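Here, each number is a calculation from the coordinates, and none is a lab measurement. None of these values were measured; they are calculated from a predicted model. Cβ placement follows ideal geometry from the backbone for every residue including glycine, while neighbour counts extend to all protein chains displayed.
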Amino acid sequence: MKKRWTDFLYLVTILFFALGFFNILFAWLGFLCMIIPFALLLKNRKKTWCQGYCPRASLFNFLFKGRSLTGKAVPRWLTQGKFKLIFLFYFCINLTVLILSTIMVFKGKNSGMERIRFMMIFQLPWKIPQLIKIEGISRWAVHLSYRIYSMMFTTTTIGLILGFLFKPRTWCTICPVNTISDVILYKRRVS
Ligand code: SF4
């Protein structure tokens, strides 16, 4: 079957994580993954991003389509709501911590993060290399970059584990972007 350009969007995810090894400031691109889905949702009144343009979903499909360990349907404990709320809560807490801690660093009350963390607290034992040195970057900008990168790293890692265990896009059932999109669409329908 002829490939479409959207079949290669997984490269964007790989590029995003690779760019962090050149300079962590590239992590700011991660904001696009939070802004574009909702911009498209409001414009098209449907989940355009999730239905065909999400680079992360593309990576899950690329790696696990026809290769997931069990290939079984997404387990009910994942789809029944609790986990959606847990990850929505995680997403909100993460964004709040990201903003508040960046303000603290900006004000000089916190020295800032210089390593990647999984689930906000588990710091990876190694530093990622910074192959391109940029002089004069503010501490708060570096801190914010590590926060965004850590958030993307956490959700992608969990998505990879779920995709490997069940079906490629299992993560999508609990992805906060999906949950918030559902709420927005529902509110639009009933209003
Ligand atoms: S639910 Fe999340 S991971 Fe899945 S396609 Fe949408 S934004 Fe991407």
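Any number yet on Rg/Rh for the chain, C-alpha, Kirkwood? On the Cα set of the chain, Rg over Rh gives 0.98.
Residue pairs exceeding 25 angstrom between C-alpha atoms, taken from 84/167; 72/127; 84/109; 43/167; 2/72: 72/127; 84/109; 43/167; 2/72. Among 54, 175, sorting on how many other beta-carbon atoms sit within 10 Å of each Cβ, with the fewest leading, yields 175, 54. Bridging of residue 47 to aspartates and glutamates at a Cα separation below 16 Å is possible for 182, once same-chain residues fewer than 8 apart are set aside.
Modelled spin-label separation between residue 65 and residue 2, with each label point placed 7 Å from Cα along the Cα-to-Cβ direction: 1.6 nm. Taking the C-alpha atoms only, the angle from helix 139-165 to the longest principal axis of the chain is near 30 degrees.
Counting other Cβ atoms within 10 Å, which trypsin sites (Lys or Arg not before Pro) in region 125-191 have at most 13 and lie in a DSSP loop? The qualifying sites are 127, 133.
Loop-located chymotrypsin sites (Phe, Trp or Tyr not before Pro) in region 83-191 (DSSP state not H, G, I, E or B) with no more than 14 neighbouring Cβ atoms inside 10 Å: 126. Relative to the longest principal axis of the Cα atoms of the chain, helix 32-44 runs at roughly 40 degrees.
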